[in-house]
Amino acid sequence: MSTQEMPIPEAKAKPVWLQLISLAAHQRVLAFASLVVLVIGFSLASPNFLQMSNVINILQATSVNGVLAIAVTFVIITGGIDLSVGTMMTFTAVIAGVILTYAGMPLLLGVVGAIGVGALCGLCSGVFVAKLKIPPFIATLGMMLILKGLSLVISGTRPIYFNDTPSFSEISLGSVIGEVFPSAPFPNGVLILFAVALAASYILRRTVLGRYTFALGSNEEAVRLSGVNTDAWKMAIYALAGAIVGIGGLLIASRLNSAQPALGLGYELEAIAAVVIGGTSLSGGRGTIVGTLIGALIMGVLTNGLRVLSVAQEWQTVVTGAIIILAVYADMMRRKKS
Amino acid sequence: MTKLVELNGIEKRFPGVHALKNVRFDLHPGEVHALMGENGAGKSTLMKILSGIYQRDEGEMRVKGESVNPQGPRDALDLGIGIIHQELSLMNDLTAAENVFIGREPRLSFGRLDDAALNRQAEEIFASMNLSIDPKAVVGELTIARQQLIEIAKALSYRPQVLIMDEPTAALNDAEIAELFVIIQQLKSEGVGIVYISHKMDELKRIADRVTVLRDGTYVATVPAKETPVSEIIAMMVGREIKEAPLQVPDTSSAETVLKVSRLSRGQEIQDVSFSLRKGEILGFAGLMGAGRTEVARAIFGADPIDAGEVEVHGKPVRINSPHDAVRAGIGYLSEDRKRFGLATGMNVRANIALASMERFTSALGVLREPDMKAVAEQYIDRLDIRTPSDAQEVRLLSGGNQQKVVVGKWLLRDCDILIFDEPTRGIDVGAKSEIYALLEALAADGKAIIVISSELPEIMRLSHRIAVMCEGRLTGVLPGGADVTQTQIMALATARDAAMAPVGELT
């Protein structure tokens with residue numbers, strides 16, 4: 001009964017240039033191509049740009065935003081949003097400070113504590129969203145303010161320094177690679193970013209949690225009516241995002257050798273921007289970690305490149321904003337075509 | 001008499017698809033011309049060309065004898081061509097009147113809105129349609145049927161000479177359909193030509209003057225509606241005759257009672273509903289729209305809360321508070337709205353089939369065994385004859401019938417003993433319908449216990465071993481299935497509005 005079959009357009013042989021264009025129309029490829037173009041452009045404009053020290057600067061500067069963006073990617077693919085990742089990062093840094101500096105406990109406990117508290121904060125957001133049915137925007141807006149306040153309260157509004165734990169700064173600034181290959185002294189923070197990205201990508205693509213992340217964003221009610229305990233999975237996804245934010249908190253605290261309680265606001269928007277530039281749909285159901293990583297790198301390259309070219313900081317922000325609008329527009333055009 | 005519309009030699013190509021091939025169609029003033037064909041036959045494409053949404057590649061288009069070339073819906077409206085889309089396109093938070101006159105609001109000076117005139121004009125249109133709708137009623141709070149009628153009022157407010165109706169009765173009950181047909185008769189007498197798209201054969205017999213059949217983007221024939229037997233029209237649509245085997249009701253009286261529902265209640269929607277279901281049995285649920293059939297199904301499945309009632313599965317009482325509990329008890333529910341409640345349409349066939357049984361493919365660490373999932377998905381694609389290029393195809397690209405099979409596959413894989421099908425053939429064309437029927441019968445023969453909810457009486461009578469009838473939240477009776485039951489008997493129970501009436505027939 002061929003009559004009711006859906007006509008499926010055949011893949012016809014296209015000229016090479018058309019293939020290239022349709023390839024570039026793929027948001028992730030598009031993002032990657034823009035990254036390459038940016039890098040080439042900046043290195044032509046300034047010979048200092050591609051120096052090893054500057055490349056390391058870019059990667060180092062990207063590591064925190066990259067990790068936060070990976071966390072928020074999970075939530076966005078479920079069709080939600082997480083506005084609390086910035087202040088949650090600070091909160092987990094403060095917790096690490098409390099454990100290591102105030103209580104003088106060993107480094108490992110500080111690390112586990114920060115990640116665990118991050119997971120707990122994420123779980124709270126998850127409970128608000130899944131159980132109390134509060135829209136994610138509102139629930140995480142509330143969490144953002146709560147965590148900002150708690151960070152200030154716990155720290156007494158003063159930075160907590162990690163001077164008693166010298167190895168703490170190694171988390172971000174040390175270089176395991178540099179010890180083996182002295183010519184490529186990539187700091188651990190960068191290594192951690194890529195490790196988190198690899199793990200996150202694996203979870204998203206190969207585990208049941210990842211599959212439900214996409215399924216929830218694609219059609220939550222259909223998933224619920226398939227007998228899946230959607231509330232529990234949603235809470236788990238927010239908790240996982242929180243744990244990843246905990247890693248981000250460790251990275252920034254270690255780089256600054258201190259937990260700065262006033263820091264954090266604005267980081268969530270940078271993270272969301274990276275996710276969006278990377279081609280993850282804000283309406284849920286679609287997205288990749290690779291895209292998010294590229295998105296974060298584009299933002300890092302842009303900030304660094306414009307600085308190398310001595311463009312005023314104010315203008316850097318303007319350019320970043322324009323890039324976000326451009327990226328989302330390109331994504332919409334692509335989807336319209338398909 | 002000049003023809004209102006004349007389409008000749010219409011060609012339309014989309015990338016990779018030749019959607020319309022040398023198609024013709026015409027429309028006289030004051031006639032209802034039905035356009036029939038399976039999904040994908042080209043009906044919608046043709047009507048979108050007529051209403052200016054698409055532009056034809058080749059061919060001739062005349063309106064009242066003059067060659068025209070509408071470039072958009074606005075142009076078509078100016079030519080007097082209005083269309084009522086299958087899907088509602090109303091703004092739920094606005095009032096009925098505001099919806100009817102959206103974009104053409106009566107104004108006072110300085111751009112202020114003239115609400116009094118707006119409501120008065122809407123009132124006039126509703127009155128001309130014999131409708132008692134408050135122009136100030138917020139559309140989202142009205143029933144789907146009323147919303148549909150407002151959509152029709154909106155189209156009529158443009159005073160079109162040609163009105164295209166795409167499945168206008170999909171959401172209407174019999175009384176509302178009758179109302180709509182009165183409106184259509186009235187429009188006919190005013191000389192309006194109506195293009196009527198519907199899958200319901202009985203409606204064509206009642207309302208249409210001529211029928212044009214399309215198949216695979218080509219014109220098949222135009223025949224008088226009254227004189228042509230339904231079987232012949234169907235044969236033209238599918239290119240062959242569909243032989244319906246008469247229903248054989250198997251004797252399931254000695255089979256195990258798989259599901260027993262006692263005194264299920266929730267507010268006005270579900271009132272004291274009790275019934276049971278045996279292994280291998282197909283229990284049909286008939287009733288008018290809003291009779292509470294879907295509500296009962298969703299309540300049993302735990303999708304909505306209940307006030308009172310017990311459910312027993314395999315003789316054991318079970319507490320079902322969520323779909324999660326229901327699925328564990330072996331109950332699967334296939335919603336009437338597949339796209340909203342049944343499928344993650346952006347995901348592929350494999351993920352959708354596995355959606356209710358992920359744990360089967362998950363290692364202790366939560367890692368998915370993709371090859372197993374693929375193998376099982378392919379097995380179900382094969383077994384259910386799902387037409388898809390591969391298990392990696394996104395479900396949204398499949399036809400309605402094949403999407404339904406994917407949902408069936410999902411529940412079969414979950415190994416549910418009790419399957420509740422809510423309007424299993426809604427939006428599915430004639431050819432695929434009999435396939436779905438065959439599938440349901442095969443499932444029952446295989447020992448599954450099946451509930452079928454349907455608003456189409458022929459479907460209920462074609463499938464059901466027993467027929468439960470509901471009216472206004474109450475189970476008004478259970479009739480035996482088979483050749484002896486008549487539509488009249490079912491309708492009598494479906495309209496048994498007297499709350500004091502005792503249920504008839506056997507309830508076990």
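Just so you know, all these numbers are worked out from the coordinates, no wet-lab data involved. Note that the coordinates shown come from a computational prediction; the quantities given were computed from them, not determined experimentally. Here the Cβ is made from the backbone with ideal geometry for all residues, glycine too, and neighbour counts use every protein chain on show.
The 3J(HN,Hα) values that the Karplus relation (6.51, -1.76, 1.60; θ = phi - 60°) gives for region B:43-50 are, in residue order, 4, 5, 4, 4, 6, 5, 5, 5 Hz. Gly and Pro appear as x.
What does the charge dipole of the protein assembly as shown about its Cα centre add up to, to the nearest 20 debye, if the Cβ of each Lys and Arg holds +1 and the Cβ of each Asp and Glu holds -1?
The dipole of the protein assembly as shown has a size of about 1840 debye.
Given +1 at the Cβ of Lys and Arg, -1 at the Cβ of Asp and Glu and no other charges, the dipole of region B:5-238 around its Cα centre is 420 debye to the nearest 20. Could you calculate the FRET efficiency of residue A:145 with residue B:185 from 1/(1 + (r/R0)^6), where r is the beta carbon distance between them and R0 is 45 Å, rounded to 0.05? Efficiency at R0 = 45 Å is approximately 0.10. In terms of distances greater than 20 angstrom between alpha carbons, the cross-link table entries A:133/A:234; B:154/B:200; B:21/B:43; B:43/B:200; B:374/B:410; B:200/B:410 yield B:154/B:200; B:200/B:410.
Taking other residues whose beta carbon is less than 11 angstrom from the beta carbon of residue A:144, and scoring Lys, Arg as +1 and Asp, Glu as -1, yields -1. Projected onto the charge dipole of region B:5-238 (+1 at Lys/Arg Cβ, -1 at Asp/Glu Cβ, origin at the Cα centre), which of B:65, B:30, B:118 gives the Cα projection farthest towards the positive end? Value computed over the given set: B:65.
Projected label points at residue A:329 and residue A:205, each 7 Å from Cα along the beta carbon direction, are separated by 3.1 nanometres.
The calculated FRET efficiency for the pair residue A:109 and residue B:307, based on their C-beta separation and a Förster distance of 41 Å, comes to about 0.20. Net charge near residue A:241: determine it from the other residues with C-beta under 12 Å of the C-beta of residue A:241, scoring Lys and Arg +1 and Asp and Glu -1. Residues near residue A:241 contribute -1 overall.
Here the 3J(HN,Hα) profile of region A:245-251, calculated from phi with Karplus coefficients 6.51, -1.76 and 1.60 at θ = phi - 60°, is 4, x, 4, x, x, 5, 4 Hz, Gly and Pro shown as x. In terms of surrounding Cβ atoms within a 10 Å radius of their Cβ, B:215, B:206, B:104 rank from fewest to most as B:104, B:206, B:215. Looking at region B:216-322, the trypsin sites (Lys or Arg not before Pro) that sit in a DSSP loop and have at most 14 other Cβ atoms within 10 Å of their own Cβ are B:226, B:240, B:243, B:319. Pairs with C-alpha atoms separated by more than 31 Å, drawn from the list B:48/B:339; B:205/B:448; B:136/B:433; B:205/B:279, are B:205/B:448; B:136/B:433; B:205/B:279. Within chain A, the ratio Rg/Rh, alpha carbon atoms throughout and Rh by Kirkwood, equals 1.01.
Taking label points 7 Å from Cα along the Cα-to-Cβ direction, residue A:163 and residue B:340 give a separation of 6.4 nm.
Each label point was placed 7 Å from the Cα along the Cα-to-Cβ direction; for residue A:319 and residue B:438 their separation is 6.5 nm. Of the residues A:219, B:373, A:149, the one whose Cα sits farthest towards the positive end of the charge dipole of the protein assembly as shown is A:149 (charges of +1 on Lys and Arg Cβ, -1 on Asp and Glu Cβ, taken about the Cα centre).
Using the Kirkwood radius over C-alpha pairs as Rh, can you work out the diffusion coefficient of the protein assembly as shown via Stokes-Einstein at 20 °C, viscosity 1.002 mPa s, in µm² per second?
Rounded, D is 70 µm²/s.
Rounded to the nearest Hz, the phi-derived 3J(HN,Hα) couplings of region A:255-264 under the Karplus curve 6.51 cos²θ - 1.76 cosθ + 1.60 (θ = phi - 60°) are 5, 8, 6, 6, 9, 9, x, 7, 6, x, where x marks glycine and proline. Note on chain B: helix-only mean residue ellipticity at 222 nm, from DSSP H runs of 4+ residues weighted -39500 (n - 2.57) and normalised by residue number, equals -9000 deg cm²/dmol.
Rounded to 0.05, the FRET efficiency of the residue B:484 and residue B:93 pair, given R0 = 56 Å and the Cβ-Cβ distance, is 0.65.
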